[in-house]
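Structure record follows, encoded as structure tokens.
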There are 2 protein chains.
Amino acid sequence: MKLKMMYSFLNSDINIIEKTLEETVVAESPLLHQASLHLLQAGGKRIRPVFVLLGGKFGNYDIHVMKNVAVALELIHMASLVHDDVIDDAEIRRGQPTIKAKWDNRIAMYTGDYIFARSLELMTNITNPLAHKILSDTIVELCVGEIEQIKDKYRFDQHLRDYLRRIKRKTALLIAASCQLGAVTANVDESVQKKLYQFGYYVGMSFQITDDVLDFVGTEKVLGKPAGGDLLQGNITLPVLFAMENEEIYPEIVKVHENMDRNEIVRIIELIKQSGAIEKSIAISDRYLVKALDILKELPDNRAKKTLRDIAHFIGKRKF
Amino acid sequence: MKLKMMYSFLNSDINIIEKTLEETVVAESPLLHQASLHLLQAGGKRIRPVFVLLGGKFGNYDIHVMKNVAVALELIHMASLVHDDVIDDAEIRRGQPTIKAKWDNRIAMYTGDYIFARSLELMTNITNPLAHKILSDTIVELCVGEIEQIKDKYRFDQHLRDYLRRIKRKTALLIAASCQLGAVTANVDESVQKKLYQFGYYVGMSFQITDDVLDFVGTEKVLGKPAGGDLLQGNITLPVLFAMENEEIYPEIVKVHENMDRNEIVRIIELIKQSGAIEKSIAISDRYLVKALDILKELPDNRAKKTLRDIAHFIGKRKF
């Protein structure tokens, strides 16, 4: 089943989200408007808005309130991607030229800032102070995660816990916040809010580990960029950490540097793939998934719960 | 009289602001903490916090509420400076190496993001939705202003209104918002809020024009960077626009480009200074100042009003 099919009962609401996304980034400045629309139209799974909406389905769900939070979360995610592309010097994202490639780094930085500011503007429609507290705390952690990721680049002596802390900040907390904020906005019981947060956290961890695995095993066509990009850029992900446990592969990996020959990188990627590191990584991802599914069992039965379960299963098996 | 002397009655509150600034940027990540502290310790006039506090003095002033807004405004200003330095490729700010010079561009971008996120976190202590609306709208305009500034660089066919719109977004709106938010936070009457906003707007316009004049007439020692930097970077400020009205100087100015010889730039700066453009610019700055002082007359008499008047006069005469 395709991801979008799983939440087809939300279709009309997702359309409202898409429309609100476009309306929100409208800018007087043609350059800014073009850059923002370019980003929107490159697509994306809109998984954060979906989590917001599903979280809201456990309470008093009003799409015209929910949409503010759902769109804000997607915009924050997009803004962080734009800034990531500046840092990573990325030319391609989702098979499309990045803003920094199409315009330049300066435009990309301020487009990120702008999209972020627009998301805050949307959030002012939400009066619950708790929602603002959760969101701003999450954004602080996201920024700390980004800085840590830079600091940890090409640092081959790091541990599993460094990696897990990084992906928690970089990915899992924003997904956890999406689920929780949906619930907070819809005035869901606090105990359910907390469980949705935990569900989002575990799913987010699993999601990012799968992403990091796919960077090794995915094809260029599916990834929209060449495989092994993370390692080449010095991002030490879970498969790399596991592969470094192998004494023969370790000295090969620590040789990786930014301007390494493509053939050499391809050879090291093959070594990592053959080391069993992929399988071990998938096992860790699965473990988080099981935790997510366990939490779900404690939630009241409804269509949203069933959908969250489907999405979690999908994330565990996704190939893109 | 020195600026700080004018608001010496706020001294103990300013100390609380400084302390809160330091506490707010504390980061688990040593790199992030160092970079943020480096920025704080480079000083600055803290003029935005002072405007917040003075705005609050027209109403129910509680420093432990006010400080959240005052510090948030200063942090937002600082975050925008850090991102500016990335864009301008600046090595020096306030006589200190910039974050991008001391670390690198990637660290600078995320330090800006981080400081900004921390300011939002502080703002969650303020429950009045109007405060959040004003702030987020201002930040959107700030970002639009930044993008417009990039777009308008080295564009010699622009008009006075382009310049005025740019400095409005870049500077005046944030100062206007500082005055207004102080008032909003202290539950000041709406009519007084609006007048404080207008006062801040006019002062901000005057302030930025003076800044742009000082970039031509200031000494390197006072500016903390070589004179004429704006023009060299393609920022067409008011003195440049006035000088271009002179048919003999016009063709010299449009030759300016990024890698121009320093002697050549120095010669063009001299031409601009001798063209009468500085005096004309100062006259415009003064006109905004008069408007600011006129608005003040409509406000209830108190110490804050007197201080706002002193600061406005100071801004009109400042040499740094």
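Residues checked against (1) crowded, with 17+ Cβ neighbours inside 10 Å; (2) in contact with a Pro (Cβ under 6 Å, 6 or more places away or on another chain); (3) modelled with pLDDT of 95 or more:
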site	(1), (2), (3)
A:Ala27	yes, no, no
A:Leu32	yes, no, no
A:Gln41	no, no, no
A:Phe51	yes, no, yes
A:Leu54	yes, no, yes
A:Tyr61	yes, no, yes
A:Val69	yes, no, yes
A:Val82	yes, no, no
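Consider B:Ile126 carefully, then state whether it is within 22 Å of B:Glu28 (Cβ to Cβ) and either at the interface with another protein chain (Cβ under 9 Å from one of its Cβ atoms) or β-branched (Val, Ile, Thr) (or both). Here the answer is no, as B:Ile126 does not meet what is asked. Please tell me if A:Ala35 is over 14 Å from the mean Cα position of the chain (by Cα), in a helix (DSSP H, G or I) and under 30 Å from B:Asp104 (Cβ atoms). Yes; evaluated as a whole, the condition is true for this residue.
In this structure, A:Glu248 does satisfy being modelled with pLDDT of 90 or more, farther than 17 Å from A:Ile315 by Cβ and surrounded by fewer than 20 Cβ atoms within 10 Å (Cβ to Cβ). Among the residues making up the range B:82-100, none is within 7 Å of chain A (Cβ to nearest Cβ) and assigned to a loop (DSSP other than H, G, I, E, B). Considering only the range A:188-204, how many residues are in contact with an Asp or Glu (Cβ under 8 Å, 6 or more places away or on another chain) and open to solvent by less than 10 Å² (accessible area, probe 1.4 Å)? Residues flagged as in contact with an Asp or Glu (Cβ under 8 Å, 6 or more places away or on another chain) and open to solvent by less than 10 Å² (accessible area, probe 1.4 Å) within the range A:188-204 amount to 0. When each of B:Leu223, B:Leu271 is tested for being closer than 28 Å to B:Gly200 by Cα and touching a residue at least 12 places away in the same chain (Cβ under 8 Å), the lone residue that passes is B:Leu223. When the range A:205-224 is limited to residues that are hydrophobic (A, V, I, L, M, F, W, C) and within 24 Å of A:Gln96 (Cβ to Cβ), the one that is surrounded by the fewest Cβ atoms within 10 Å (Cβ to Cβ) turns out to be A:Val222.
For the range A:139-159, the set of residues classified as of a type in the set (D, E, K, R) and more than 9 Å from chain B (Cβ to nearest Cβ) consists of A:Asp152, A:Lys153, A:Arg155, A:Asp157, listed by residue number. Does A:Ala227 meet the test of being modelled with pLDDT of 95 or more, of a type in the set (A, V, I, L, M, F, W, C) and either open to solvent by less than 10 Å² (accessible area, probe 1.4 Å) or not in a helix (DSSP H, G or I) (or both)? Spelling it out, it is not the case that A:Ala227 is modelled with pLDDT of 95 or more, of a type in the set (A, V, I, L, M, F, W, C) and either open to solvent by less than 10 Å² (accessible area, probe 1.4 Å) or not in a helix (DSSP H, G or I) (or both). In contact (Cβ under 8 Å) with a residue 40 or more places away in the chain and assigned to a helix (DSSP H, G or I): is that true of A:Asp212 in this structure? It is true that A:Asp212 is in contact (Cβ under 8 Å) with a residue 40 or more places away in the chain and assigned to a helix (DSSP H, G or I).
Pairing residues of the range A:108-120 that are more than 7 Å from chain B (Cβ to nearest Cβ) and without any contact (Cβ under 8 Å) to a residue 12 or more places away in the chain with residues that are open to solvent by 10 Å² or more (accessible area, probe 1.4 Å) and not aromatic (Phe, Trp, Tyr), at Cβ distances under 6 Å and at least 6 apart in sequence or on separate chains, gives no pairs at all. In the set (1) in contact with a helix residue (DSSP H, G or I) (Cβ under 9 Å, 6 or more places away or on another chain); (2) open to solvent by less than 70 Å² (accessible area, probe 1.4 Å), the condition left unmet by B:Val254 is number (1). If I ask for residues that are charged (D, E, K, R) and either out of contact with any Leu (no Cβ under 8 Å at 6 or more places or on another chain) or over 29 Å from A:Arg161 (Cβ atoms) (or both), which ones from the range A:172-205 would you list? Of everything in the range A:172-205, those that are charged (D, E, K, R) and either out of contact with any Leu (no Cβ under 8 Å at 6 or more places or on another chain) or over 29 Å from A:Arg161 (Cβ atoms) (or both) turn out to be A:Asp189, A:Glu190, A:Lys194. Meeting the requirement of 3 or more residues that are under 14 Å from A:Val213 (Cβ atoms), the helices (runs of 4 or more DSSP H) wholly within the range A:244-317 are A:262-274, A:277-297, A:303-317. Which count do you get for residues in the range A:266-294 that are more than 19 Å from A:Gly229 (Cα to Cα) and either of a type in the set (Asp, Glu) or open to solvent by less than 20 Å² (accessible area, probe 1.4 Å) (or both)? Within the range A:266-294, residues that are more than 19 Å from A:Gly229 (Cα to Cα) and either of a type in the set (Asp, Glu) or open to solvent by less than 20 Å² (accessible area, probe 1.4 Å) (or both) number 6.
The values are calculated or read from the model by the stated rules, or taken from the named source; none is laboratory data. Worth saying up front: this structure is predicted, and the values here are computed from it rather than measured. Because the Cβ atoms are built from the backbone with ideal geometry, glycine has one as well, and the counts that use them run over all protein chains shown. The accessibility values were calculated without ligands, DNA or RNA, using every heavy atom of the protein model including side chains. Shrake-Rupley method; radii C 1.70, N 1.55, O 1.52, S 1.80 Å.
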